[in-house]
1. Evaluate segment 307-321: report whether one residue or more is at negative phi and within 14 Å of the ligand (Cβ to nearest atom).
2. Out of the residues in segment 92-123 that are buried (at least 23 other Cβ atoms within 10 Å of the Cβ) and under 30 Å from Ala170 (Cα atoms), which is farthest from the ligand (Cβ to nearest atom)?
3. Limited to segment 332-375, what total is found for residues that are buried (at least 22 other Cβ atoms within 10 Å of the Cβ) and of a type in the set (Val, Ile, Thr)?
4. Keeping to segment 362-389, report how many residues are of a type outside the set (D, E, K, R), under 30 Å from Pro321 (Cβ atoms) and in contact with a Leu (Cβ under 8 Å, 6 or more places away or on another chain).
5. Check segment 163-179 and report whether any residue there is buried (at least 24 other Cβ atoms within 10 Å of the Cβ) and near the ligand (Cβ under 9 Å from one of its atoms).
6. Mind checking which pairs have a first residue in segment 180-202 that is within 17 Å of Cys160 (Cα to Cα) and a second that is outside any helix (DSSP H, G or I) and among the β-branched types (Val, Ile, Thr), Cβ under 8 Å, 6 or more apart or different chains?
7. Pull up segment 53-69, narrow it to residues that are outside any helix (DSSP H, G or I) and either surrounded by fewer than 24 Cβ atoms within 10 Å (Cβ to Cβ) or of a type in the set (Ser, Thr, Tyr) (or both), then point me to the one that is nearest to the ligand (Cβ to nearest atom).
8. Is at least one residue of segment 290-303 of a type in the set (Asp, Glu) and away from the ligand (no atom under 12 Å from the Cβ)?
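The values are calculated or read from the model by the stated rules, or taken from the named source; none is laboratory data. Just so you know, these numbers come straight off a predicted model, no measurement behind them. Cβ placement follows ideal geometry from the backbone for every residue including glycine, while neighbour counts extend to all protein chains displayed.
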Amino acid sequence: MQLTPEQQATGKHNFGQAVGVERREFLKSTAAAGAGLGALYFGYNKLKGKPVRTAFIGTGDEGNVLISEHPVDYMEIVAIADLRPANIERTFKGSHPVARKGLIKVLGPDHTKVQRFSNHRDLLAKKDELGLEAVVIAVPLNQHAPVAIECMEAGLHVLCEKLMAKTVTACKEMIRLAEKKDLKLAVGHQRHYSVLYANAAYLTEQGVLGDIKFIRAQWHRNNSFPKSDAWQKWDAFAKAHPEDKKLLIDMEKDGSLREFGYDNARKLVDWRLYNETGGGLMAELGSHQLDAASIFLGKVHPVAVQGYGGKNFFGIEGVGPKSAQEDTRDIDDQIFVTFEFPGKQYEQNNRDISVVTYSSMNTNRWEPYGEAVFGSRATLVMKTEKEALLYKEASKASPGGIEQRIWAIEGTNGGAALDSYETSAPATASKSGPAETVSRGYKEEMEHFCYCVRTGRNELRCDGRVAMADAIMALTANLAMKHKKRIEFKDSWFDPASDDAPETDVQVNS
Ligand SMILES: NC(=O)c1ccc[n+]([C@@H]2O[C@H](COP(=O)([O-])OP(=O)(O)OC[C@H]3O[C@@H](n4cnc5c(N)ncnc54)[C@H](O)[C@@H]3O)[C@@H](O)[C@H]2O)c1
């Protein structure tokens with residue numbers, strides 16, 4: 001979907017207007033509390049007591065993003081652990097002025113207090129000396145469950161990156177252990193802590209969009225041109241860090257790398273490209289967006305999924321540049337899936353279905369990533385986690401569409417409704433809309449995790465059960481593409497007490 005700057009500004013204004021109607025007053029009345037925006041929106045307070053003593057396990061690209069945004073009033077970083085020495089160094093020095101600032105800049109002189117470990121086991125061996133209470137885990141997907149389980153066995157609270165685990169069985173093990181040990185287990189689907197998404201979900205809950213029959217989510221990237229895939233990191237890594245390359249190859253040879261879950265050094269560095277270590281496009285990108293779609297549809301579980309996935313570009317002689325032809329990845333390079341979600345009346349009439357399509361590809365990035373929610377009253381467009389645009393549907397009584405500015409009025413049933421008026425003038429963003437600097441939710445997710453650890457509250461917005469539902473959607477979509485069939489979701493898969501899981505289901509896998 002390509003919109004002119006004027007149409008985008010109109011959509012932004014519309015969103016601000018619609019959201020502002022009730023939330024403006026709410027924010028004004030709570031602003032005096034002095035907590036941050038996340039606390040205001042998601043109902044937690046400033047932390048009373050000391051910040052939670054936390055270690056980061058896996059300080060690669062994402063670990064560094066989280067470290068840059070970690071909330072110092074809630075979380076004290078006491079240690080970091082990574083198998084790759086160069087990534088430890090980068091975690092101190094930083095590698096990006098905003099996204100990956102590094103501990104020296106973030107903590108100032110206190111960075112010297114942060115201890116370094118060369119893997120999570122050496123770190124856990126020192127947990128008592130460190131006075132460790134919690135860990136943030138940002139290692140490759142195949143190691144989420146093993147590392148999280150070792151940490152919980154050691155009595156630590158866990159905030160683990162998404163996708164929760166590589167299998168639903170492993171998700172269930174994690175949930176059961178956290179419950180048995182009375183530990184917090186949070187998973188990093190940050191849209192649960194994004195004020196923008198909270199506002200958008202509020203509009204859908206209020207019925208402002210009417211009946212939602214279709215959500216189209218996509219994350220299209222072009223990794224074929226002008227240069228090759230950013231997920232293929234080995235060559236650049238080997239060139240920039242020959243000592244790390246040698247270390248990992250030595251670990252590969254003496255078998256110690258295997259003990260950490262990697263057959264060889266390349267699979268540790270390029271983990272996203274291999275089935276053994278990653279979960280493909282659906283796990284890496286799609287899981288976030290299916291998470292959002294299910295929030296917009298009232299946090300319901302889907303009914304069924306089908307789809308096509310293929311390795312249709314990489315590794316084919318004569319197709320694309322030489323680097324693409326020589327690419328040895330396992331994972332599909334494009335996926336197209338269709339989910340059926342239950343509508344509000346589904347129990348009474350199973351034709352009440354909302355369709356969610358998801359696509360991700362590697363050879364075109366014309367459209368920015370996001371989700372478009374098509375309702376009978378309005379269309380909501382979420383763009384790159386940073387912008388929300390809203391357009392009213394036209395009716396006989398009043399115009400609508402992407403040129404129309406709207407305002408929210410009281411509907412006949414007491415909730416908000418939309419009206420619109422013609423304008424050809426470019427709209428400016430509404431002051432009543434969401435904050436200009438939009439947080440993607442990382443900071444709020446860490447704040448709330450620490451708040452729940454310190455207070456003991458069971459209020460995590462993306463706890464094990466919520467995150468397992470996201471994992472079930474992504475992993476079942478992968479099975480539907482693998483077996484080329486339509487798969488119906490079973491309630492027992494979503495129940496942590498049941499051992500049932502899609503990957504072991506005979507009907508699914510026969
Ligand atoms: N929430 C989001 O938006 C988001 C975005 C990007 C990545 N992620 C997730 O974050 C995780 C990490 O992704 P990444 O891009 O940072 O990958 P990365 O390869 O850049 O970093 C992973 C790091 O983990 C280290 N590691 C592996 N096993 C270890 C162990 N046992 N002990 C210590 N260190 C270990 C590796 O050496 C590496 O430095 C993945 O699960 C990914 O899906 C989430």
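1. no
2. Leu123
3. The qualifying residues number 4.
4. Summing the residues that are of a type outside the set (D, E, K, R), under 30 Å from Pro321 (Cβ atoms) and in contact with a Leu (Cβ under 8 Å, 6 or more places away or on another chain) in segment 362-389 gives 1.
5. Looking for residues that are buried (at least 24 other Cβ atoms within 10 Å of the Cβ) and near the ligand (Cβ under 9 Å from one of its atoms), one finds at least one in segment 163-179, hence yes.
6. Listed by first residue and then by second, the contacts come to Leu183/Val158; Lys184/Val158; Leu185/Val158; Ala186/Val158.
7. Step by step, filter segment 53-69, then rank; the result is Gly60.
8. no
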